[in-house]
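For reference, the structure is listed below as structure tokens.
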Amino acid sequence: MIFDRLNNTLTEVEPRSFASLMELYEDSYIMLRRLIPEIETIDVGLISIVPGSVPLMLQILSRHKFTTTVFLTHRFENGEQVYDDPGLTVNIYHDARMAEVSVDDAIDIFGIQLNCRQRTDLELDKRWELNKFLNKWLQYCLQEGHSFKFRSDISDKQVS
């Protein structure tokens, strides 16, 4: 939704538009901050385990003054086989309060390579799809009860 100051009204953002992409970035940032509220203090990989749910893995890939890059994935185990899915690298822009799936030098999860120097409707559409997926996945993770918040009620003896 965008607020029109001239008419004092809220208008629906057109899906797959630049405005809707920016809205997805903002929503994803809010959900990531709920999922990882103490992100500034984390400098290692963590696992969120919720009974009845697949473990959620977090790894801090890089940290700069205004940007943190993380890798988030579910860790699936099938006997001796272990695999991560979906496995997303996410850039979190703290100053802009936005988060986006990283598409630098990678083939996205939909199988289409994006050229970051080329700003086409196709690229906007694919970025929208990727970030809509991230948004829905973050909603799911939060609904499942995942969190990377440190719990003060757990003593060191209980954590192995």
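The values are calculated or read from the model by the stated rules, or taken from the named source; none is laboratory data. Keep in mind it's a predicted model, so treat the numbers as computed, not measured. Cβ placement follows ideal geometry from the backbone for every residue including glycine, while neighbour counts extend to all protein chains displayed.
A compact table of results
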| item | result |
| --- | --- |
| Odd one out for Val50 among (1) farther than 18 Å from Val90 by Cβ; (2) exposed (fewer than 10 other Cβ atoms within 10 Å of the Cβ); (3) modelled with pLDDT of 90 or more | (2) |
| Matching residues, the stretch 44-62, being more than 17 Å from the chain's Cα centre (by Cα) and not hydrophobic (A, V, I, L, M, F, W, C) | Pro51, Gly52, Ser53 |
| Residue check, Arg34 in contact (Cβ under 8 Å) with a residue 40 or more places away in the chain, outside any helix (DSSP H, G or I) and of a type in the set (D, E, K, R) | no |
| Output for the stretch 15-30, where each listed residue is surrounded by fewer than 18 Cβ atoms within 10 Å (Cβ to Cβ) and touching a helix residue (DSSP H, G or I) at 6+ places or on another chain (Cβ under 6 Å) | Arg16 |
| Count of residues meeting criterion [over 19 Å from Leu134 (Cβ atoms) and not in a strand (DSSP E or B)] in the stretch 57-100 | 6 |
